[in-house]
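Notes follow once the structure below has been shown.
The values are calculated or read from the model by the stated rules, or taken from the named source; none is laboratory data. Computed from a predicted model, the values in this text were never measured in an experiment. Virtual Cβ from ideal backbone geometry, glycine too; neighbours counted across all protein chains shown. Ligands, DNA and RNA are stripped out before the accessible areas are found, and what is left, the full protein with its side chains, is counted by its heavy atoms. Shrake-Rupley method; radii C 1.70, N 1.55, O 1.52, S 1.80 Å.
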Amino acid sequence: AGTKLEVWASKMAGLSDPLIAVSDAAQVNGCVDNNGCSQNRLQSLSDFISSPRSSKVSTEPGDMPPCNSIAPAQCDPSEEILVGASSSYKEKLANCALMIQSAWRKRKEQDETPVVCTLTDPDAIDALADTLADTSFLGRMLSPLAALLRCMVSPLRPDHHHHEGGVNYGVVTGNASAMILAGEDGTCSVWAPVTGPWRVRQILENHTMGVDGIAVSSDMSLIGTSSEDATVCLWERATGSDGQWRCQQVLRGHGEQVYFLAFAADMALIATVSKDTTCRVWVQDGVDWQCCQVLQGHTEDVYGVDIASDSSFIATASNDTTCRVWARAAHGAHWICEQVLDDHTMGLSSVRISAAGNIIATASDDETCRLWSRDRERQWFCEHILEHTAPVIDAAIAHNLSLLATGCADGVCCLWVPTDTGWQKLQKLKAHSMTIYGVVIAKGASDSDLLIGTGSEDQTGTIWRYDGTHAYKATHIRPATDLEIAIPLAILLVSCLQRTRFAFSEQCAWNSETLHVAKMTLGITVMDVDLQYLLQAVNLDINPIELCFAVKVFAAMASVLAFLTCALTHRCPVAVLFFSTFGVIPVLKQLVSVFACRSGHLHPSPGVSFELECFEGYHFLLASVAAVVVSIYLLLLLPYTAADGDLSIMPRHVLLKPQEWYRRKVDKKMGLNLGVMSPSRAGVVQSSYANFFASLALTTIATLDVWMSPVVQALLSFCTACFPMVVALLWPPMYDARVSRLVALGHSFAAIAFLSGLISILVNNTDSPLPTAFLILGWVVILAVAATLTHTTTQRRRRISSAYRLSQRQLV
C-alpha cells in the first residue's frame, strides 16, 4: 500500500519527491515514545522521508481528527502533521489525499520539509490504496481481470484462521508434525497437516492480551505461552482420542507483560522474562509450578531467555544492551549473575544457547548477531559477529551446530553455516513481508535434515526444510492468493485441452466441418501457428512449408536451451514454470516432428508434407541434434514435473536424487492450503507423473502418425488418454473426493474425443454425423456430471464456511 501511495501521490502532485508515508498504530506509537529512537524509527518507517524532526502528534488514534476535518489552511508549514483516518470510506480518503496534496504544494513553494501523513487505520490504508490504484492507467486495466479472477476462485478458497494484529512467535515441532503460532489477539493456533492440507487443529484461548512467546517440551507433553497480560499458561495434552490441549496452570507473579519463557531439557526448570526487568525461575512442587527465585539486575525490559541443556546456567537478553549469564551458587540452589555480556551497542531482543552449552547467540537492534564462546577460564567472549542489514529480532542454533538462523525486522531469515574462517551466510529465506519475531530450528527425518520455523508480524508462519546444502519453503501458513489457487486449475484445464486437440487428426474420417472447428478452437493450446502464409508474403526462394518447419524446430530447440540455462543457473523462474507445464506439449510436438519422415516425405503436421531424403545428409544431422535435445528436455522434465516448475525447491544438487523429488513434490503440494484445490498426499505424485506420461505419449503418437495405421493410432491414443483417468480413480489426486472425481472427468474429455475418432475410422464416412454426435453427447454428459459435483461441493463448502463463521462469532 505504501508503494502505491508513494507513486500515486508523486504523479498527482506533479513532483518527483514523495508525499505520503504509511504505518499502523503500533509503529506510530513507537515513533513518538520519546525514548530517543523516534528519529531512527521514523526513518526506518519510510526511507523516502528526509530529515524528520520532532512532530506535534497525538499518540492515540482516537485523539486524531478525522480526515475530512483538516483543511489545507490548517497545515502549518513550520511543523509536520499527522493525519489520522477515522473512516475507510473512499470519499473521505480521497478528500484527505487532496488536502494533503494541497499542503504539500504549499510547503514545497516555501521550500519546507514534506508533510508526513500517517494512516493509523488498516482498513483506511487498504481503502485508500485501492482508491489511488484506481486512478492509474494500469490499475484501471488490471482491476477487471483481478475482479474476474477473484470471482472465479472465491468458491474454491478455504477458510483461514488469521491472528488479528500479527503473529508474535512461531514454533515448529520435530519432523514438521505441527506448528504453533502466537498471536497478538491473545490466542495460539495449533496447525497440523494430518492427512490433508495444513489446517488449524485447535485454538488455545486463555490469555486476555497478546501472546508473545511459546515454549514446547521435547516430548511435546507441555506447551507454555507467555502473554502481555503478565501471565504464563501451561498447556497439557489431554489423554483420549481428541488429543486436545488443556490449560493446566497459570503462572502469576510478574508485574508487567511476560515476553518469553524457556523450558529446561529435563523439565526441571521454567524461566520467564518480563517487562518488569526481572527473570523468574520456576520449579515444580508436586503438581504445581512455584517461583523459587527472582533474578534481578537488568535495568530495562528483558526480552529473551534460554536455559542450558544441562540446566547449569541461564542466559537473559535485555533492552539495556546486555546479556546476563546466571549460574547456580556453589553448594546451593540459588542463582547468581556470573557474567555480563555487554558488547552490543543497542538493545537485545533474543538469546539462544547451543545444545552442547558451548555457544551463546545474542540478537540485537544494532543489526548484528553475536556468537559467544568460553575461554580457558570459563569466561564468555565474543568470537563472531554476524552482520545484517536490519535489526535482528531472533536467532536459533541447530542441535548439531551445523546451522544458525536469524530473523530480521525486514522479514528476511538468514541462514549461516560454520566454515574454517568463521560463520558464513549461506542463504536468505524470503517469505514474509513484515518483521520476523520468532525463529526455531527442529530436527527433521534424519540428522542432516533440519526444519526452520519462522513466525511474522504479517500474520503468517513458514516451515523451511534444510537438507544440509539448501533450504526451501515446505509449508506456508497463510491465505492462498487468487493466482496460487488458479494456477493448478489452469494447468489441469490446459493439459486436458492439449491432449484433446490430438484426437482431431487427418487420418480419422471426421467430416470437414468438425475437423475445422476443432482445430480452430483447440489449436491454440498446442500453439499451432500457421507461418506458411506469412513466409509466402516474404517471397523467399525456399519452400515455405520447409522454411516453416525449420523455424518451428529451431524455435523449439532454442526453448529447450533457454529452459536448460534457466534451470542450471537458477534464474528466470517464470520461464522454468512455463516450459515445464504449459509449454511441454508444444515444444515436444515440434521436436518429435523431425522424425515424422517416411518414403522420401517429411510430415511436420497432418496433411502437410514436403520432399526430403529421410535420415540422410541434412535430415540425419537435424534428427541427431533433435534426439539429443529431446533427451535433455525429458531428463530435466522428470525432476521439474515433481516441482511443478517451481525453481526454488529444485536446486542443482537434487536433480539426480529421485527420493528428493518425491519429498519436495509432497511438500510443494501440501505446504499451502488451496481449499478444494488442495491435493491428496496419497495420489499427488502418481497423478503428476501419469499426466506427464500421457502428454509425452500422446504427442509422440499424434506426431508420428505416418509410422502407424489410423486404427492403431486411435487405439493407442485412447488407451493413453484413459491412463491418467484410471490413475485419478485409483489414487485420488485431490483431498476432496468430489474434486478428485472432477479431475477424472476432465481427463475423460480427451478419452471421449479419441473414442469418437476411433468410431470415425471404423465408420469411414466423412459425411456420417455419428462420430460428431457421439463426441457432443459424451461431452454434454461429462459437463452435466461435473456441474452436479460442483454444485454439491459448493453447497458443502458454504455449510462449512457458515459453521466456521458461527464458531468465530461465538469465540468473540
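Counting only protein chains, not ligands or nucleic acids, how are ASP705, ASP467, ASP288, ASP310 ordered by accessible area (probe 1.4 Å), most first?
ASP310, ASP288, ASP467, ASP705
How do the peptides 490-500, 595-605 rank, highest first, by the average count of neighbouring beta carbon atoms within 10 Å per residue?
By packing density, highest mean first, the sequence is 490-500, 595-605.
Mind giving me the nanometre distance, one decimal, between the label points for ILE336 and VAL628, set 7 Å out from Cα along Cα→Cβ?
Rounded to a tenth, the inter-label distance reads 7.7 nm.
Please compute the length gained on full extension between LEU770 and GLU387, using 0.36 nm multiplied by the number of residues separating them and subtracting their Cα-Cα distance.
Between LEU770 and GLU387, full extension yields 130.5 nm more.
With +1 assigned to the C-beta of every Lys and Arg and -1 to the C-beta of every Asp and Glu, and no other charges, what is the dipole magnitude of region 179-287 about the Cα centre in debye, to the nearest 20?
220 debye
So how far apart, in nm, are the two label points at PHE610 and ALA238 if each is 7 Å from Cα heading toward Cβ?
7.7 nm
Quick one: with all protein chains in place, what share of the accessible area of region 229-355 is carbon or sulfur, to the nearest percent (1.4 Å probe)?
Accessible surface attributable to carbon and sulfur in region 229-355 totals 45 percent.
Find how many whole Å separate the alpha carbon centroid of region 163-226 from the alpha carbon centroid of region 258-272.
17 Å
Given an 8 Å cut-off on Cα distances and at least 6 residues of separation, report the relative contact order of region 579-730 as a percent.
Relative contact order comes out at 25 percent.
Accessible area per residue of region 272-338 at 1.4 Å probe, in Å²?
Working: 2790 Å² over 67 residues.
That works out to 42 Å² for each residue.
How many nm separate the modelled label positions at CYS247 and MET708, each set 7 Å beyond the Cα in the direction of the Cβ?
6.8 nm
Can you pull the percent of region 575-734's accessible area that's carbon plus sulfur, 1.4 Å probe, other chains left in place?
With neighbouring chains kept in place, the figure for region 575-734 is 71 percent.
For region 714-785 and region 286-316, what is the separation of their C-alpha centers, rounded to whole Å?
Cα centroid of region 714-785 versus Cα centroid of region 286-316: 67 Å apart.
If one computes the Cα centroid of region 377-435 and of region 578-600, what distance in Å separates the two points?
Region 377-435 and region 578-600 have Cα centres spaced 48 Å from each other.
With a 10 Å radius around each residue's Cβ, average the other Cβ atoms per peptide and rank 632-643, 744-755, 609-620, 551-562, highest first. All intermediate terms of the calculation are to be shown ahead of the outcome.
Numbers: 632-643: 19.6, 744-755: 23.1, 609-620: 13.5, 551-562: 17.7.
Packing proxy ranking, top to bottom: 744-755, 632-643, 551-562, 609-620.
Highest mean first, how do 211-224, 774-787 rank when packing is the count of other Cβ atoms within 10 Å averaged over residues?
Final packing ranking: 211-224, 774-787.
Give the relative contact order (percent, whole number) for region 682-792; include only Cα pairs under 8 Å separated by 6+ residues.
Averaging sequence separation for qualifying contacts and normalising by length gives 27 percent for region 682-792.
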